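The values are calculated or read from the model by the stated rules, or taken from the named source; none is laboratory data. Everything numeric in this text was worked out from a predicted model, so none of it was measured. Please note: Cβ atoms are built from the backbone with ideal geometry, for glycine as well, and neighbour counts cover all protein chains shown.
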Amino acid sequence: MTDRANQPTEDRTTAPEREHLVDRFGRVHRDLRVSVTDRCSLRCTYCMPEAGVPWLPRATMLSTDELIRLAGVAVSLGIEEIRLTGGEPLLRRDLVDVVAGMAALPGAPEISMTTNGVGLDKNAAALREAGLTRVNVSLDTLKRETFIELAKRDRLSDTLAGIEAAARAGLVPVKINTVLMRGVNDVEAPDLLAFALEHGYELRFIEQMPLDAQHQWDRSQMIIGEEILGWLRPHFDLTPQPDEARGSAPAELFLVNGGPATVGVIASVTMPFCGTCDRVRLTADGQVRNCLFATGETNLRDPMREGASDEELAQLFRESIGAKLPGHGINEPGFLQPPRPMSAIGG
C-alpha cells in the first residue's frame, strides 16, 4: 500500500510562491469540493424525495480526464485539499482512477471524500492505495428502523461496515456527519457520540440546511446547535476549544470528558462561519460555485471542451471567486434556496 504520508513533500522554503484564490473580502480559498456524480444510493428526506430527482444527463458529466484537469488548474491557484462528494461518490465506477489522478497532481493536494458509506467496505483499501487520505461518512442513526425512515433504504448495516472498513484501511481520522431531525432521530444524540467515542471516530453534528430537492425546509422545525449541546451535556463534559483551533473549519469543537476526543457542531444556519470560508465547489457537470448557496454558477465544462487553455480556465475560477458574496444570506429577508439540491451541488 502506498502511504502518501511518507512520500517526500514540497520544500516550501525553496518552492516558488503559488498563486492563491482570494476574494474581495480577503478570504483565501484552499479547499475544493468536487462532485463526481449527482446520483445517490439513499433517499435521505433532508436531501431528496423517496422517488428521487431527475439525474443530470450523462453527456454533461465530466470525464475522469476532465475532472483531473480542472482539479489541476485549481491546485495551481493554491487549492491544497480536494474533497470528493456527490450525490454518492462511490457510485462512480472510475472513482479509484479519479483519486489516483488527483493525488498525483503537482502540489500533492490532500484527497478526502464525503460518502454515505454504502459500498465503502468493498472499496476502502483500493481508494487508500490510490491516494485517498480520509473520509467523512454520513450516519444519522444507529437504529435500523429509523435509518429506513430517514433514508428510505435498508442499508444501515452496509454503512456501518463501510465505516469499519475505512478505519481498517487507514482512512483516518474517520469523521461521522450527523443531521438530527425533530421527532425522528433527535433522541439519539448521546448514543451517537458514545458510539463515536467507543470506536475512535470524530462526530460532527450538522444543522439541517435549506438544500432539499423538495424545498420543504422549515426553519421552525430545524434542530439548532445549542439544542444539540443541551442534549449532550447531561451525559458528557464538553469543553469549548478556542477559535484558533477551529481555523477555517466549519465545526465548533468541544473536548469530550477532558479530551483528546472531540465532538463538533456545524451550525451553518444559526452561527454562520462565512467570514472564514475557504471553500469553492465544482459540480459533476463542470460548474464552479463560489458558495454552497450561490444562485449562479460559472461554466468551465463548455469552454474546456471548446479548447480553452489552462490559463483561460484559471481566469474563470478567479472571476467566480471575485464575485463571491460576504455570506450565504440564509438569515436575510428575501433569501432564495438555490435551484439545485445538495445532491446536484456536492457538499
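Matching residues to (1) loosely packed, with under 12 Cβ neighbours inside 10 Å; (2) among the hydrophobic types (A, V, I, L, M, F, W, C):
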{"residue": "M304", "(1), (2)": "no, yes"}
{"residue": "A308", "(1), (2)": "no, yes"}
{"residue": "R318", "(1), (2)": "no, no"}
{"residue": "P326", "(1), (2)": "no, no"}
{"residue": "G329", "(1), (2)": "no, no"}
{"residue": "E332", "(1), (2)": "yes, no"}
{"residue": "L336", "(1), (2)": "yes, yes"}
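Working only within region 231-284, note down all residues that are among the acidic types (D, E) and within 21 Å of H29 (Cα to Cα).
The answer is D243, E244, E252, D278.
Can you give me the number of residues within region 165-186 that are buried (at least 21 other Cβ atoms within 10 Å of the Cβ) and at positive phi?
Number of matching residues: 0.
For region 81-109, how many residues are surrounded by fewer than 18 Cβ atoms within 10 Å (Cβ to Cβ), under 25 Å from H20 (Cβ atoms) and not small (G, A, S)?
So the count comes out to 2.
If you go through region 269-291, how many residues are crowded, with 20+ Cβ neighbours inside 10 Å and of a type outside the set (D, E, K, R)?
Result for region 269-291: 10.
Given the criterion assigned to a helix (DSSP H, G or I) and touching a strand residue (DSSP E or B) at 6+ places or on another chain (Cβ under 9 Å), identify the matching residue among A161, A189.
Matching residue, one of A161, A189: A189.
How many residues, within region 172-221, are among the aromatic types (F, W, Y) and at pLDDT below 95?
1
Select, from L171, L150, L197, the only residue that is farther than 30 Å from I68 by Cβ, under 20 Å from the mean Cα position of the chain (by Cα) and either part of a helix (DSSP H, G or I) or not polar (S, T, N, Q) (or both).
L150
Could you check A344 against (1) among the aliphatic types (A, V, I, L, M); (2) surrounded by fewer than 21 Cβ atoms within 10 Å (Cβ to Cβ); (3) part of a helix (DSSP H, G or I); (4) modelled with pLDDT under 95 and say which number it fails?
All conditions pass for A344, except number (2).
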